[in-house]
Amino acid sequence: MHRVLSDKKAIALLIAPGLFLFAFMICIPIFMSAYYGSTDWGGIGKYNFIGLDNYREILFHDKVFWTSLGNALLLTAATVFLQHPFAILLAIFLTHSGKYEKVFRTIFFIPAVISIVVTAKLWSSIFHPNYGLLNKLLDGIGLEALKHDWLGDPNTAIWCIIIVVMWQGFGYALLLYYSGLQGIPSDLSEAAKIDGANNFTLYTRIIIPLLSPMMRVAIIIAVTTCLKQMETVFLMTNGGPANSTQFLGNYLYKTAFSSSLYGYGNAISILFIIFCLVLTVVLNKVLKKDIGEF
Amino acid sequence: MTNSLSPAAPLPSTKPHKEERRKVSGGKILMMAFLILIALFQLFPLIWLVDYSLLKSGEFFGSSFLKWPSPPEWQNYVNAFTYGRVPRYFANSLIITVITVMLSALVSLMMGYAFTRMKWKLSGVVLSLIMMGMIIPIHATLLPNFILFNKLGMLNNMYTLILPYSAIVIPMSVLIMTGFLETIPRAIEESAVIDGASIYGVIFKIIFPITKPALATVCVLNFISTWNEFIMANTFLTSEDLKTIPFSIMKFAGEYSSNYGAQFAVMTIIAIPTILIYLLFTEQMTKGITAGAVKG
């Protein structure tokens, strides 16, 4: 058995296809980015090596880069402080909803499986100044004064994006917390009931604290997905108006393909990767709290 | 919680809190009302989408939210098919998605086996490298991959999408496969080897049938993400003939941009396949997502 399992040729054959695919499509491109990121390449023709100039420019002078990061932070905050509490509450409700539990669970997740192209266009239509659902709603309840070109106004556009992202990701957060609740042994709540705890104290004192490992997972996922947010923005506003809804992914795309600053765009790519890696590692460390076995 | 993908542990369908109370209380009614309200919020945009896809474009500017289509404007769907080039793009998407799903399932089965069963020094290092792929934003690979494909003259091919699509789903797929393989006892493989089976015989004749549930999860997740992928297709394809289904909606940007009914019809057509797949394989997806999240 051991001889078969340490057959070098077999191992190489099993690993090689996947590893090559991964290396060629993900690792090598990153090295290419690092290379081009230190040049002033404009997409065609010759280019010069300019060392770390791009990075210096991005970190110290590029306002849009920091706006993009700020937007990611805002989106993360909204997700963690608005979407997650709702998700936890609904996950708790779900466990008490009896035979409809599966129906609800399925419905909540449906937006998450739909193409972002569809959801982005759909919500663009909802926010549309002329035939949009939102303005019709305001008309209907007598608040015509609030009617608005929602995506055209820098003050409201970012909130529109946040609502769409939270709407689409809600089922996902709910599913995580729901499965977290399933992992909590039922004898704990039974014991608490016998000791005279009502539902409210049961949840605030016992269940929700026991949910904290799942909260940690869900928060890390939320932070990284918010940082990586691109498609919804690309399709709804393309970062506009006036970069008020810019996110890193979209910004590097725009820099390279619309402004033909390939060197600069690649430098943003590299910083983007570094931010994601560092944040994930730091969050894993910071949020790691030993809550004990149950 | 860590082995939520194991064959013996059926996921969330067991409800520990369920048997507690039977009486219908005011709190319960309030709770159900709240659940229904949120469910409506999640579904209403989609209901609106389907409803308006059956209206005439002129009716979009009426004052009602929902309008009973009388008669339903099926012409929207006909227009969607012709202006949006739906049959062509649908076929492209199907080919690309099916090849990607099969390729990534095969690769993740092979890698999963090598990572969990085979003995080699670099196993841990290579696995962590692959797992880093879950953190790296794929958008950061768009630019260098575009340059790479451009240099190699590979832009505008189906495999220009199949290769990166298969690559980006590897980390998650391998994670699910290794998690599942860890839970399978090794005795069967050992007796097969004693009976003279080769390593490939073991993987494809013994392990493959046992891992079918995990492979199904991997395939469903990868089908949905590949079918919905847009930004790479937007970057690496320029040829009209190769575009995938999300681009049907883009065809309405210019000359047909005021044909709202047909646009809503196109969006409905794009959304239906993934919703169907999800409804058919809800449990497999749920398992994959929670297992991936907890371990990742």
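Can you give the charge dipole size of the stretch A:81-170 about its Cα centre, rounded to the nearest 20 debye, using +1 on the beta carbon of Lys and Arg and -1 on the beta carbon of Asp and Glu?
400 debye
Using Cα centres only, tell me the gap between the stretch A:148-188 and the stretch A:200-239 in whole Å.
For the stretch A:148-188 versus the stretch A:200-239, the Cα centre distance is 8 Å.
Need the C-alpha centroid separation for the stretch B:268-289 versus the stretch B:89-111, integer Å.
The stretch B:268-289 and the stretch B:89-111 have Cα centres spaced 16 Å from each other.
If we restrict to alpha carbons, what Rg and Dmax does chain B come to, in Å?
According to the Cα coordinates of chain B, Rg and Dmax are 23.6, 75 Å.
Which Cα, out of B:PRO171, A:THR156, B:ILE249, lies furthest along the positive dipole direction of the protein assembly as shown (beta carbon charges, K/R +1, D/E -1)?
Sorting the options by dipole projection puts first B:PRO171.
How much FRET efficiency would the formula 1/(1 + (r/R0)^6) give for A:SER258 and A:ILE194, where r is the Cβ-Cβ distance and R0 is 60 Å, rounded to 0.05?
The calculated FRET efficiency here is 0.40.
Taking the stretch A:37-287 on its own, what percent of its Cα-Cα pair distances exceed 23 Å?
61 percent
With a/c under 1.5 counting as rounded, go ahead and sort the stretch B:31-102 into rounded, prolate or oblate using the C-alpha gyration tensor (a ≥ b ≥ c being the square roots of the eigenvalues; past the cut-off, prolate if a/b is larger than b/c, else oblate).
Judged from the Cα gyration tensor, the stretch B:31-102 comes out oblate (a/c at least 1.5, b/c at or above a/b).
Using modelled backbone amide H atoms (1.01 Å from N, in-plane), which distant-in-sequence or interchain residues come within less than 5 Å of A:THR39's amide H?
Distant-sequence amide H within range of A:THR39: A:ILE50.
Using a 10 Å cut-off around each Cβ, can you sort A:LYS254, A:LYS99 from fewest to most neighbouring Cβ atoms?
A:LYS99, A:LYS254
Arrange the following residues from fewest to most other Cβ atoms within 10 Å of their Cβ: A:ARG105, A:ARG3, B:ARG88.
Sorted ascending by nearby Cβ count, the order is A:ARG3, B:ARG88, A:ARG105.
Apply 1/(1 + (r/R0)^6) to the Cβ-Cβ distance of B:MET131 and A:LYS63, taking R0 = 35 Å, and write down the FRET efficiency to the nearest 0.05.
Computed FRET efficiency for B:MET131 and A:LYS63 comes out at 0.50.
Calculate for chain B the 222 nm mean residue ellipticity that helices alone would give, adding -39,500 (n - 2.57) per DSSP H run of length 4 or more and normalising by residue count, nearest 500 deg cm²/dmol.
For chain B, the value works out to -20500 deg cm²/dmol.
Is the shape of the stretch B:100-192 best called rounded, prolate or oblate, per the rule: a/c under 1.5 gives rounded, else a/b larger than b/c gives prolate, else oblate, with a ≥ b ≥ c the square roots of the Cα gyration tensor eigenvalues?
Prolate, since a/c reaches 1.5 and a/b exceeds b/c.
Within the stretch A:1-82, list the chymotrypsin sites (Phe, Trp or Tyr not before Pro) lying in a DSSP loop whose Cβ has at most 15 other Cβ atoms in a 10 Å radius.
A:TYR47
Could you please rank A:MET230, A:MET166, placing first whichever residue has the fewest other Cβ atoms within 10 Å of its Cβ?
A:MET166, A:MET230
All of the numbers you see were taken from the coordinates with simple rules; none came from a lab. On a predicted model such as this, the values are computed, not experimentally measured, just so you know. Cβ coordinates were reconstructed from backbone atoms using ideal geometry, including for glycine residues, and neighbour counts include every protein chain displayed.
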